[in-house]
Amino acid sequence: MQVQRPKKIPTRRCLGCNEHFPKLTLIRVLRTKDGEVVLDLTGKMSGRGAYICKSLSCFKKARKARRFETALECAIPDEVYARMEEELSVGKE
């Protein structure tokens, strides 16, 4: 008789607080092949990704320390940060 092993839950580290969380509870920030930086709320888009908590404070902390730019290996304009912050705050309500 085989023993059923529990399914492994993938974890990712938040760029803001540096804590590990299950991948499905985090929001993915994505750099597409075209160089565009967007929030990937589905987690299915193709490109280089980085993860943050759903809290605005983690987003601001990661932005201030330039962790998005380091993780995504590209420069991110202020307009993109403003749009991502707006999408995050709308998602909280």
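The values are calculated or read from the model by the stated rules, or taken from the named source; none is laboratory data. These numbers were taken from a predicted model, which means no experiment stands behind them. Backbone-built Cβ (ideal geometry, glycine too); neighbour counts: all protein chains shown.
Please verify whether the stretch 67-78 includes one or more residues that are on the phi < 0 side of the Ramachandran plot and surrounded by fewer than 10 Cβ atoms within 10 Å (Cβ to Cβ). First the steps, then the outcome.
Step one: of the stretch 67-78, the residues on the phi < 0 side of the Ramachandran plot are 67-72, 74-78.
From the residues that got through so far, the ones that are surrounded by fewer than 10 Cβ atoms within 10 Å (Cβ to Cβ) too are 77-78.
The answer is yes; a qualifying residue exists.
Could you identify the single residue in Gly16, Gly49, Gly43 that is modelled with pLDDT under 90 and of a type outside the set (Lys, Arg)? Give the derivation first.
Numbers: Gly16 fails: modelled with pLDDT under 90; Gly49 fails: modelled with pLDDT under 90.
Answer to the selection: Gly43.
So, in the stretch 1-16, of the ones that are of a type in the set (Val, Ile, Thr) and part of a loop (DSSP other than H, G, I, E, B), which residue ends up surrounded by the most Cβ atoms within 10 Å (Cβ to Cβ)? Quick ask: steps written out before the conclusion?
We begin by selecting, within the stretch 1-16, every residue of a type in the set (Val, Ile, Thr); these are 3, 9, 11.
From what's left, part of a loop (DSSP other than H, G, I, E, B): 3, 9.
Numbers: Val3: 4, Ile9: 9.
Ranking the qualifying residues of the stretch 1-16, first place goes to Ile9.
Within the set of pairs 6+ apart or on separate chains, which have a first residue in the stretch 11-40 that is free of Cβ contacts under 8 Å to residues at least 24 places away in the same chain, a second that is assigned to a strand (DSSP E or B) and among the aromatic types (Phe, Trp, Tyr), and C-beta atoms under 7 Å apart?
Sorted first by the residue in the stretch 11-40, then by its partner, the pairs are Thr11/Phe21; Arg28/Tyr51.
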